[in-house]
Amino acid sequence: MSDEQPTRVSRRQVLGGAAALAGVSLAPGLFLVQAQAAGTGADSSVRWGLLVDTTRCPADCEACVDACQAENGWPTGEATEHPQWIRKMVVGTGERDGAEQALPVMCQHCADPPCVSVCPTHASFKRDDGIVLVDKHRCIGCRYCMMACPFHARSFVDAPVTAHASEGNYPRGKGTVEACTLCVHRIDRGEIPACVERCAQEGHAALVFGDLNDPDSEIRRALRERVATPLRGDLGLDPGVRYQGLS
Amino acid sequence: MAARIRYRYLGREHPFQWLAALAGAALVALGGAATGLYLITAGHHVTGMDNQVVWGLPHVFAIALILAGSGAFGIAALAPRLAGPLGHPWGRLGTAAAIALLLGGLAILLLDLGSPQRILAAVWLNPLSSFSRNIALYTAFTAIALIHLGALIEPRMRRYVGITGTLAALVALLLALNVGSIFGMLGTRPVYGGAIMMPLFLASALAYGTAAFALVWQAVLRSQGQASPPAATAWLAMALLTSVIATAALLVLHFLTLLYQPDLQEAARFLLIDGGAYPILFWIGVVAIGIITPTLLLLRRPARARGRALVGASGCVLAGGLAHLFVVIVGGQAIPLQIFPGREVTGAGFDEEAASYVPSAWEALVGLGGVGLALAILLLALRVLPLTVKHLPDEARSMHADSDPVTRSGSEAGEPAPS
Amino acid sequence: MRRKHRYAWVAAGAAAVVAATGLALAVGGAPGGDARPQAVTDRPEPRGDTCIHEDPERMRRVHMDRLHAHQDPGAREGRSDPEWNLQSCVRCHAAPEAQQVAGHGPSGSEDMAFCASCHEYAAVELDCFQCHSTDPEGRP
């Protein structure tokens with residue numbers, strides 16, 4: 001190593017040059033993208049909830065399931081092989097001739113969702129207004145949320161989704177996990193979920209939808225009249241879906 | 001001590017055998033990759049996995065490989081400290097085997113994802129999720145283990161062997177515990193027993209890792225025409241025996257905790273008695289083959305010094321490990337969730353009855369593809385890196401004739417000139 | 001290996017790379033060239049008179065960043081910009097029946113030949129329409 005190094009560049013110069021180069025190449029990108037989305041967006045002062053009156057839910061009625069299929073485009077079939085956003089369950093009391101209770105079970109939109117805490121990519125997330133959703137842009141299809149859900153609410157889309165134009169009103173694609181969205185696309189337009197609407201049309205009116213944070217909403221008034229319990233209350237998840245008439 | 005160990009490259013004397021082995025492993029790995037691509041394009045409906053059993057055979061293989069990788073590094077790092085000069089030669093081979101096993105397991109996990117192309121966008125990870133902690137630990141382990149391997153091989157980096165080895169061992173330990181937390185931290189599946197999954201998987205990692213490393217080591221010795229040195233073999237066999245007994249003890253604890261809780265007794269009974277395939281796999285695969293047979297094989301001191309007993313026991317431990325993971329992972333999912341505890345329920349199929357899961361050929365291909373990849377990586381590493389030892393320390397005074405030609409690997413590995 | 005052998009190998013490798021590049025250029029022609037790529041000339045025309053957002057040249061370069069910037073507000077925060085959500089793009093850019101090229105683009109994207117034509121040429125995966133609808137009436 002000789003002492004004569006006339007063209008020696010100091011380390012400081014190299015680092016400074018590199019930083020300048022990086023800044024110059026990044027600067028256009030910083031100005032390129034300015035996302036100013038219109039619309040008000042999810043409001044954190046609102047908490048959407050669903051109330052199910054099981055005394056008005058007939059055991060042989062599947063109107064809510066049909067409505068959800070028509071609205072969201074998931075196929076019919078055996079639940080273990082096909083997606084199932086909502087299903088009817090009939091619960092006995094344990095006695096042989098005991099009374100039965102029927103109820104629809106869907107994503108319970110918990111305030112402390114186990115699916116959100118186990119999702120590695122933040123694909124499973126809770127929106128500001130309480131709706132628990134799957135961000136398909138981030139979902140890698142690892143199915144860990146399906147393991148974590150106590151209600152078996154989530155399904156894996158394991159076959160290609162065909163004919164988009166004729167199917168549902170919410171994006172769904174192969175290789176991701178999906179579940180009841182509380183018809184978020186309808187809520188954002190100011191409408192109510194499809195299952196609630198159809199249940200009312202059928203005359204049962206067993207489903208009530210509304211803002212749990214608004215003391216004057218229909219759902220809060222109904223909750224004041226009769227006790228409602230969540231499913232698996234022992235888990236402490238504080239779901240947005242409550243059930244009346246379950247013993 | 002290290003100066004007297006001369007390392008060599010495997011495969012120079014018998015290149016065709018090495019190439020044949022590599023071709024076989026690469027073919028299996030390619031088969032797994034092709035199947036993974038098929039699953040991505042066709043969708044998982046072609047597999048036996050459904051909405052109830054969401055993790056099937058690929059996860060069984062993947063977790064077995066990942067645990068084996070963590071455990072193999074544990075042995076490679078612990079051996080020089082606990083076994084003294086006997087353990088020194090295992091450092092390089094064990095580290096390379098650990099990295100290969102881990103990468104094979106990771107490949108399976110990636111291939112089994114529903115949308116793996118989106119993982120590139122997942123820079124924002126959720127630290128609460130065991131999966132994302134695992135991603136951080138896999139990366140850390142691979143990086144530190146590679147540096148450790150470099151430190152072992154390159155004489156100018158020798159002084160970093162201690163620190164990198166300790167760091168890598170720590171990360172391997174955390175990795176095994178975190179894999180247990182994937183299942184243990186699911187409040188909705190109490191059949192996993194909660195926190196006990198973590199030490200159980202740590203003990204399993206040591207057992208599978210020791211078994212996998214023992215098989216690799218014995219295969220390397222066999223291919224070099226060397227006999228298994230008695231003292232080293234006995235030490236490794238003792239390590240395997242200890243980890244098998246530890247795993248068995250924790251397994252007993254796991255099921256005891258289930259049986260003690262009235263609401264979990266049905267789940268325990270399903271796995272142990274009336275669940276169909278799962279009790280069979282448990283009692284024959286896990287208990288008879290995975291625990292009792294290796295224990296009997298290695299119980300007596302003279303048996304431990306023989307390579308054949310070690311190989312047999314290792315194979316049994318790995319088979320039992322696969323069976324255990326199948327019972328834990330798949331059996332745990334097959335049990336219906338108790339949304340209404342104690343009540344009679346009709347609803348979707350998965351509410352009413354236990355799932356019947358029949359793995360498809362695709363899942364087996366993906367799982368074996370990962371094993372093939374691990375083998376291929378290991379074979380390549382054995383060829384291009386000086387990992388294997390010509391003369392084991394306690395062999396130096398033995399009567400084995402030195403029939404192997406002196407290779408250049410001694411000087412290329414930076415060893416001082418032979419005396 | 002001895003030093004001069006090493007240099008010889010490196011030089012031979014570099015020469016091989018240069019030769020291969022030269023061969024590729026000679027056979028395939030310079031990139032870009034004079035004419036526009038076939039993919040762009042074959043592309044179905046969007047409805048409407050002009051692109052409502054940017055001039056086409058700029059959109060070609062920045063559309064992915066624009067879409068990406070509106071992804072999270074739309075999907076995660078419920079702030080879906082009526083001009084910038086994917087449905088609004090599909091409304092103009094979905095090819096009518098007569099202009100659909102069969103087999104163009106990944107399955108489910110035949111009616112998005114406008115996008116698929118360039119994406120196929122550039123070999124960039126077009127992942128949007130696995131989930132999103134290509135219905136020009138605007139259903140998501």
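Structure values in brief
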| item | result |
| --- | --- |
| Distance histogram in 10 Å bins (all Cα pairs of the protein assembly as shown, percent per bin) | 2, 11, 19, 20, 18, 15, 9, 4, 1, 0, 0 |
| Per-pair calculated FRET efficiency, R0 = 22 Å: B:E353 and A:T229 via Cβ, rounded to 0.05 | 0.25 |
| In segment A:197-245, the trypsin sites (Lys or Arg not before Pro) that fall in loop regions by DSSP, at most 11 other Cβ within 10 Å | A:R226 |
| Dipole magnitude of segment A:48-244, debye to nearest 20 (Cβ charges: Lys/Arg +1, Asp/Glu -1, about Cα centre) | 440 debye |
| Label-point separation in nm, B:I273 to B:E344, each point 7 Å along Cα→Cβ | 2.2 nm |
| Per-residue [θ]222 nm for chain B (sum of -39500 (n - 2.57) over DSSP H runs n ≥ 4, rounded to 500) | -20000 deg cm²/dmol |
| Residue-averaged beta-carbon neighbours from other chains (10 angstrom radius) around C:81-87 | 3 |
| Net charge of neighbours whose Cβ lies under 12 Å from the Cβ of B:G370, counting Lys and Arg as +1 and Asp and Glu as -1 | -2 |
| Selection from B:Y278, B:A381, B:L186 lying farthest towards where the dipole of chain B points positive, charges on Cβ | B:A381 |
| Per-residue mean of C-beta atoms belonging to partner chains within 10 Å, peptide B:344-353 | 6 |
| For chain B, projected area of the alpha-carbon convex hull averaged over all directions, nm² | 21.2 nm² |
| Relative packing of peptides C:60-73, B:56-69, A:176-189 - highest average C-beta neighbours within 10 Å first | B:56-69, A:176-189, C:60-73 |
| Listed residues B:W217, B:I63, B:A267: farthest to the positive end of the dipole of the protein assembly as shown (Cβ charges) | B:W217 |
| Cβ-placed point charges (K, R +1; D, E -1), dipole of the protein assembly as shown about Cα centre in debye, nearest 20 | 4800 debye |
| Alpha carbon centroid spacing (whole Å) that separates segment B:206-236 from segment A:166-230 | 62 Å |
| At least 30 Å along the helix axis (C-alpha) and Kyte average at least -1.0, DSSP helices within chain B | B:15-42, B:57-82, B:90-112, B:130-153, B:161-184, B:197-223, B:230-260, B:361-384 |
| Rg [Å, one decimal], Dmax [Å, integer] - segment B:1-110, C-alpha atoms | 18.6, 58 |
| R0 of 30 Å, Cβ-Cβ distance B:E13-B:L82: FRET efficiency to nearest 0.05 | 0.40 |
| Contour excess over end-to-end distance, with Cα ends at C:E54 and C:A20 and 0.36 nm allotted per residue | 8.3 nm |
| Farthest positive-ward along segment A:48-244 dipole, Cα basis, beta-carbon charges - from A:I219, A:N169, A:V157 | A:V157 |
| Trypsin sites (Lys or Arg not before Pro) within segment B:1-72: DSSP coil, no more than 15 neighbouring Cβ in 10 Å | B:R12 |
| Cα-centred dipole magnitude for chain B, charges only on beta-carbon of K, R (+1) and D, E (-1), debye, nearest 20 | 1720 debye |
| Residues of segment A:50-74 with amide N under 11 Å of the 7 Å Cα→Cβ point at A:A99 | A:55-56 |
| 5 angstrom amide H check on A:L50, placed H, neighbours 5+ away | A:V241, A:R242 |
| Burial order of peptide ranges B:252-264, B:200-212, B:111-123 (average beta-carbon count within 10 Å, highest first) | B:200-212, B:111-123, B:252-264 |
| Segment B:215-258, Rg to Rh (Cα coordinates; Rh as Kirkwood inverse mean 1/r) | 1.26 |
| Calculated FRET value between B:I245 and B:T166, using beta carbons and R₀ = 30 Å, to 0.05 | 0.70 |
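Values quoted throughout were computed directly from the atomic coordinates according to the rules given, and no laboratory measurement underlies them. What you see is a predicted model; the values in this text were computed from it and never measured. Every residue, glycine among them, receives a Cβ derived from its backbone with ideal geometry; neighbour counts consider all protein chains shown.
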